1. Here is a list: ALA177, ALA182. Which entry is crowded, with 16+ Cβ neighbours inside 10 Å, at pLDDT 95 or above and under 19 Å from the mean Cα position of the chain (by Cα)?
2. Restricting to segment 149-161, and then to whatever is of a type outside the set (A, V, I, L, M) and open to solvent by less than 50 Å² (accessible area, probe 1.4 Å), can you tell me which residue is farthest from GLY310 (Cα to Cα)?
3. Answer with yes or no whether ILE32 is assigned to a strand (DSSP E or B) and either within 16 Å of the ligand (Cβ to nearest atom) or closer than 25 Å to ALA182 by Cα (or both).
4. Taking strands (runs of 3 or more DSSP E) that do not extend beyond segment 350-414, which have at least 2 residues that are among the small types (Gly, Ala, Ser)?
5. Consider SER233 carefully, then state whether it is open to solvent by 10 Å² or more (accessible area, probe 1.4 Å), touching a Ser or Thr at 6+ places or on another chain (Cβ under 7 Å) and farther than 24 Å from ASP186 by Cβ.
6. Does segment 127-135 contain any residue that is free of Cβ contacts under 8 Å to residues at least 12 places away in the same chain, in the same structural domain as THR217 (by TED's automatic domain parsing) and crowded, with 16+ Cβ neighbours inside 10 Å?
7. Which is within 16 Å of the ligand (Cβ to nearest atom) and open to solvent by 20 Å² or more (accessible area, probe 1.4 Å), of GLY291, GLY269, GLY310?
8. Would a scan of segment 245-252 turn up a residue that is within 16 Å of the ligand (Cβ to nearest atom) and in contact with a strand residue (DSSP E or B) (Cβ under 7 Å, 6 or more places away or on another chain)?
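The values are calculated or read from the model by the stated rules, or taken from the named source; none is laboratory data. Here the structure is a predicted model, which is why all the values come from computation and not from measurement. All Cβ positions, even for glycine, are placed from backbone atoms using ideal geometry, and neighbour counts span all protein chains on display. Side chains are part of the model used for accessible areas, which takes the heavy atoms of the whole protein and leaves out ligands, DNA and RNA. Shrake-Rupley method; radii C 1.70, N 1.55, O 1.52, S 1.80 Å.
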Amino acid sequence: MSRAIVHPFRGFLKGNIRCPRDKSLSHRAVMIGALSQGETRITGFSFCQDCLATIECVRALGVDVQIFPEEEQVTVQSGGLFALREPENVLNAENSGTTIRLLSGIATGIEGLTVLTGDQSLRKRPMRRIIEPLRQTGVNIGGRAQDNFPPLFIRGSTQIKPIRYLLRVPSAQVKSALIFAALKGDGPSLIEEPVSSRDHTENMLRYVGASIRKENTTLVVEPCQELRARPFSLPGDASSAAFLVALATLLPGSHVVVHDVGMNPHRVGFLRCLERMGGKLKFSNQREEFGEPRADLEVEASSLRGIEIGKDLIPSLIDEIPILAILATQAEGKTTISGAEELRVKESDRLKAIAQGLRSLGVDVEEKVDGLVLEGPVPLRGGVVESFGDHRIAMSFAIAGFMAQGDVVIEDVDCIGISYPHFFQDLVTLGCDTFTLSNS
Ligand code: S3P
């Protein structure tokens, strides 16, 4: 297991960069390619560990997936919606909630047995949220510990009853699993989401020919006979860009342009909050592909003030709360994050991991059942922080380390490869190199 020692950095970030391509879109592009007739060429694929897990699982379902990492390209060749086959072995989603949950929806419509599992962290994450609604299709599906955890088994079928379901948690993973299953329903499915979550699955499926419409808060998914392969060119990942944006905001004199970042309105809560805190952002070269907006993102250093972040905003910044908490330590006044209990069931219990890490750096933070409260600005002192094997926790505390007054040691940073394999190299590209990586 590797360790990062991050030394205080008193310089600034400068330059132009492309951050990793979008992880959520990369998973979906491979899965939708597997369901589409013909060859799907994906350019700008994210070769992070989570997305590689998706590729392996999709291959195990009988789909030909070729990878070209140097060109950031993947091609998926499939016979279409009904071409996927019962896998010979257990599918391993490793650390990826998106992989296991979305593939469960797809496996619901594959004749035969699919068993899905994952690593130690994934095997503790809640699965009843997909099992219960997927059972409405008439398919036999279950999981370990009274359906709570992986491994999951699915006895799939092509005879799928339509789903009518009100989402209890605003989760794009649950919604997407249900949409994939509903494509093979024998009538329209209705999926109601009181609070909207990222709509990548809907946008990308429409682009290849599915009929999915939104009526108020309800998605109507029509059964589908065929999806037609079309190319995907994926933008940068706003959730990865957030770390660079945060550090550039905090280091006086910084000026960074992150090129071609995904700007899906359900993903930009972090940027909107940063603007409310006083962050200096500019968006240029705005455009849209397959229903997904993207833009170049320019950030300059600025001073920040604390804000309140409530329940309704959480889905749009669900993965950015760890780095937002680091920003809040340097903002003037109180920051309150509430309605974020979902963070307890991510790759780690993120509320606990953030609170514990911040305390090690001398921050007086209140950990609530559903959020965090802290008052800034606080000088961060050196210390030792546990990543809990969670990529976003590890990267957040690396950013904190550059701002601290002493060395910050982060244990177990290998996990950063889950979403951002070139994280430290990208920081060096922008001029920030005061860290040492070693095997602990
Ligand atoms: C994701 C959705 C979010 C997010 C995760 C990726 C996706 O999870 O936290 O990192 O790709 O659909 P939930 O929708 O379950 O909150």
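1. Working: ALA182 fails: under 19 Å from the mean Cα position of the chain (by Cα).
Step by step, each of ALA177, ALA182 is checked, and only ALA177 is crowded, with 16+ Cβ neighbours inside 10 Å, at pLDDT 95 or above and under 19 Å from the mean Cα position of the chain (by Cα).
2. First, the residues of segment 149-161 that are of a type outside the set (A, V, I, L, M): 149-151, 153, 155-159, 161.
Going one step further and asking which of them are open to solvent by less than 50 Å² (accessible area, probe 1.4 Å), we end up with 150, 156-157.
Numbers: PRO150: 31, GLY156: 39, SER157: 41 Å.
Among residues in segment 149-161 that are of a type outside the set (A, V, I, L, M) and open to solvent by less than 50 Å² (accessible area, probe 1.4 Å), the one farthest from GLY310 (Cα to Cα) is SER157.
3. Numbers: assigned to a strand (DSSP E or B): no; either within 16 Å of the ligand (Cβ to nearest atom) or closer than 25 Å to ALA182 by Cα (or both): yes.
Considered against the rule, which asks whether it is assigned to a strand (DSSP E or B) and either within 16 Å of the ligand (Cβ to nearest atom) or closer than 25 Å to ALA182 by Cα (or both), ILE32 comes out as no.
4. On the way: elements: 365-368, 371-376, 383-386, 408-411.
Once the strands (runs of 3 or more DSSP E) in segment 350-414 are filtered for at least 2 residues that are among the small types (Gly, Ala, Ser), what remains is 371-376.
5. Numbers: open to solvent by 10 Å² or more (accessible area, probe 1.4 Å): yes; touching a Ser or Thr at 6+ places or on another chain (Cβ under 7 Å): yes; farther than 24 Å from ASP186 by Cβ: yes.
Yes, satisfied.
6. yes
7. Numbers: GLY269 fails: open to solvent by 20 Å² or more (accessible area, probe 1.4 Å); GLY310 fails: within 16 Å of the ligand (Cβ to nearest atom).
So the residue among GLY291, GLY269, GLY310 that is within 16 Å of the ligand (Cβ to nearest atom) and open to solvent by 20 Å² or more (accessible area, probe 1.4 Å) is GLY291.
8. Restricting attention to segment 245-252, the residues satisfying the condition of being within 16 Å of the ligand (Cβ to nearest atom) are none.
Within segment 245-252, none of the residues are within 16 Å of the ligand (Cβ to nearest atom) and in contact with a strand residue (DSSP E or B) (Cβ under 7 Å, 6 or more places away or on another chain).
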